[in-house]
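Here's the structure, in structure tokens; my notes come after.
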Amino acid sequence: MKKKLLDYLACPLCRGSIRLRSVQEEDGIEIMSGELECAVCQRTFAIRRGIPRFADLGKIDEEKQATAESFGWSWRRFSHDDERYTEQFLAWIAPVRPDFFAGKLVVEGGCGKGRHTLRIARWGARDIVAVDLSEAVELAFESTRGMENAHVIQADIYHLPVKRVFDYGFSIGVLHHLPDPRAGFQSVVSKVKPGGHVSAWVYGAEHNRWIVNLINPIREYITSRINPRVLFHLSKLPTAIMYAATKLLYGPLNRSARGKKIARHLFYNDYLSFISTFNWREQHSIVFDHLVAPTTFYISREEFEEWWRDVDATEVVIGWHNKNSWRGFGKVTE
Ligand SMILES: [Zn+2]
């Protein structure tokens, strides 16, 4: 952690300011180990391996912990990255573009291994504070280590240990895995100052009925209970089916005007043609993610709109992404 992070931190329990109590080890601008302390309630928080730890996993409810653990494992296993991911990320946060971030103070609710964090830091954000509950924070820290404007914290999204000072807050692909997605959204919004903006991206309910009806029970009762290492190999079978379908059928058909007319009638065409250019690893990671998460909600447009109304956001823009998920962007008031 960099000293500058102290400007943004607040005690998750009493909102008091956080100060540095002790430093054991430093590496350049990074404080690698030491202790933080709340100036008001005196509660202490460890800094270990460069990351301030505001979440004691033993005390967080089991459901959330299981999600954090399974994703932590998947993020370590699928630690690839590529440039196409940038396009995908921009599609999730549209209409936000890279130049939006210049000079902005950003908070990320659920950063996983830091793929968005790294990009936003490179796009010139004044500072980005990225928060995740899972051990994927280790990867997020490593990928942004030594960058002056990137900060990684291990904490619970419901109790973000930061002040309400941010120009932009976002949560991508995380809220629908929380036991209470709406509370997670509200928590991110609560850290954005009036006039700032928020983006969120969640799985949609509308075109995902088949996942809700078919995959959800499989995931809930079987696959999320299997050891992730075993599931990693088992999930190659459904991946192989999807991979063959997208490479041999959806991809080729959607590349010609005549083919498109036929493809329109195919099952889940919008999404499957979109991922037809993805390689094996990327497709495998998608399938695995759908099978591993103990908690997944599919959110309807109506419900998603309600989230934004509830927080009194203005200038809200909600749109489909691949017709199977919702993205939203809005302005924070009061
Ligand atoms: Zn406190």
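The values are calculated or read from the model by the stated rules, or taken from the named source; none is laboratory data. Every value quoted in this text rests on a predicted model; they were computed, and no experiment measured them. Counting neighbours? That spans all protein chains shown, and the Cβs are built from the backbone with ideal geometry, glycine included. Each accessible area value is taken on the protein alone, full model and side chains, heavy atoms only, with ligands, DNA and RNA left out. Shrake-Rupley method; radii C 1.70, N 1.55, O 1.52, S 1.80 Å.
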Report task. Could you list which residues have their amide H under 5 Å from that of ILE51, counting only those 5 or more apart in sequence or on another chain, with H placed in the peptide plane? Result -> none
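Taking 0.36 nm per intervening residue step and subtracting the Cα-Cα distance, what contour gain separates ARG264 from THR314 on full extension? If you can, show how the numbers build up before the last one.
On the way: separation 50, 0.36 × 50 = 18.00 nm, distance 3.53 nm.
Extending this stretch completely gives an extra 14.5 nm.
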Requested in this report: Could you point to the residue in VAL107, ALA136, LEU90 farthest towards the positive end of region 88-154's charge dipole, with +1 and -1 charges on the Cβ of Lys/Arg and Asp/Glu respectively?
Outcome: LEU90
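Treating the beta-carbon of each Lys and Arg as +1 and of each Asp and Glu as -1, no other charges, what is the dipole magnitude of the chain about its Cα centre, to the nearest 20 debye?
On the way: 45 positive and 40 negative charges, 178 e Å.
The dipole magnitude comes to about 860 debye.
Given the rule -39500 (n - 2.57) for each run of at least 4 DSSP H residues, summed and divided by the residues of the chain, what is its mean residue ellipticity at 222 nm, to the nearest 500 deg cm²/dmol? Before the final figure, lay out the partial values.
Working: 13 runs with 114 residues, N = 334.
About -9500 deg cm²/dmol.
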Report summary line: One finds the C-alpha centres of region 240-308 and region 159-175 to be spaced, in Å, by 28 Å
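What ranking do 197-204, 215-222 get when scored by the average of other Cβ atoms within 10 Å per residue, highest first?
Details: 197-204: 23.8, 215-222: 13.9.
Result, highest mean Cβ count within 10 Å first: 197-204, 215-222.
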Query raised in the report: Pick from VAL131, VAL152, VAL316: which residue has the top mean-square fluctuation in a GNM of the chain where Cα pairs under 10 Å get a spring?
Result: VAL316
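Of all beta bridges DSSP finds with both residues in the chain, what is the antiparallel percent, to the nearest 5? Before the final figure, lay out each step's value.
Values: 29 of 50 bridges.
Taking every DSSP beta bridge with both residues in the chain, the antiparallel ones total about 60 percent.
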**Report entry** Cα-based Rg of region 206-334 normalised by 2.2 N^0.38 Å, two decimals
**Finding:** 1.25
Report task. Rank these residues by their accessible area, most exposed first, probe 1.4 Å: GLU303, GLU26. Result -> GLU26, GLU303
Report summary line: The simple spin-label model distance between GLU206 and LYS323, using points 7 Å out along Cα→Cβ, in nm, is 1.0 nm
Requested in this report: Using only the alpha carbons of region 101-163, determine the length spanned along each of the three principal axes and report them from longest to shortest in whole angstroms.
Outcome: 27, 25, 15
Query raised in the report: What translational D, rounded to a whole number of µm²/s, comes out for region 84-231 from Stokes-Einstein when the hydrodynamic radius is the Kirkwood one over Cα pairs, at 10 °C and 1.306 mPa s?
Result: 98 µm²/s
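Using Cα pairs under 8 angstrom and six or more residues apart, how large is the relative contact order of the chain, in percent? Display every interim value, and only then the final one.
Values: 644 pairs, mean separation 57.7, N = 334.
Relative contact order comes out at 17 percent.
Starting from the Cα gyration tensor of region 190-258, take the square roots of the eigenvalues, sort them a ≥ b ≥ c, and report rounded, prolate or oblate (rounded when a/c is under 1.5, otherwise prolate if a/b is larger than b/c, else oblate). Present the calculation step by step, with values, prior to reporting the outcome.
Working: a/c = 2.27, a/b = 1.24, b/c = 1.83.
Taking the square roots of the gyration eigenvalues as a ≥ b ≥ c, region 190-258 is oblate.
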Query raised in the report: Which residue, chosen from THR296, ILE215, SER187, occupies the Cα position most advanced towards the positive end of the dipole of the chain, where the dipole is computed from +1 (Lys, Arg) and -1 (Asp, Glu) charges on Cβ about the Cα centre?
Result: ILE215
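Using the alpha carbons of region 249-292, what is the convex hull volume per residue in cubic angstrom, as a whole number?
Details: hull volume 2.8 nm³, N = 44.
Once divided by residue count, the hull of region 249-292 is 63 Å³.
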Requested in this report: Mind telling me which of ASP180, ASP99, ASP132 comes out most flexible in a GNM of the chain, alpha-carbon contacts under 10 Å?
Outcome: ASP99
Query - Inter-site label distance for ALA46 and ASN213 at 7 Å from Cα along Cβ, in nm - result: 4.9 nm
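I'd like to know how region 138-222 sits against the 2.2 N^0.38 Å rule of thumb: what's its Cα Rg over that expected value? Could the numbers behind the result be given before it?
Values: Rg = 16.1 Å, N = 85, 2.2 N^0.38 = 11.9 Å.
Rounded to two decimals, the normalised Rg is 1.35.
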Query raised in the report: Gaussian network model of the chain, Cα springs within a sub-10 Å range: biggest mean-square fluctuation belongs to which of LEU36, LEU13, LEU139?
Result: LEU13
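Mean projection of the alpha-carbon convex hull of the chain over all orientations, in nm²? Could you put the intermediate results ahead of the total?
Working: hull surface 67.9 nm².
Seen from a random direction, the Cα hull of the chain projects 17.0 nm² on average.
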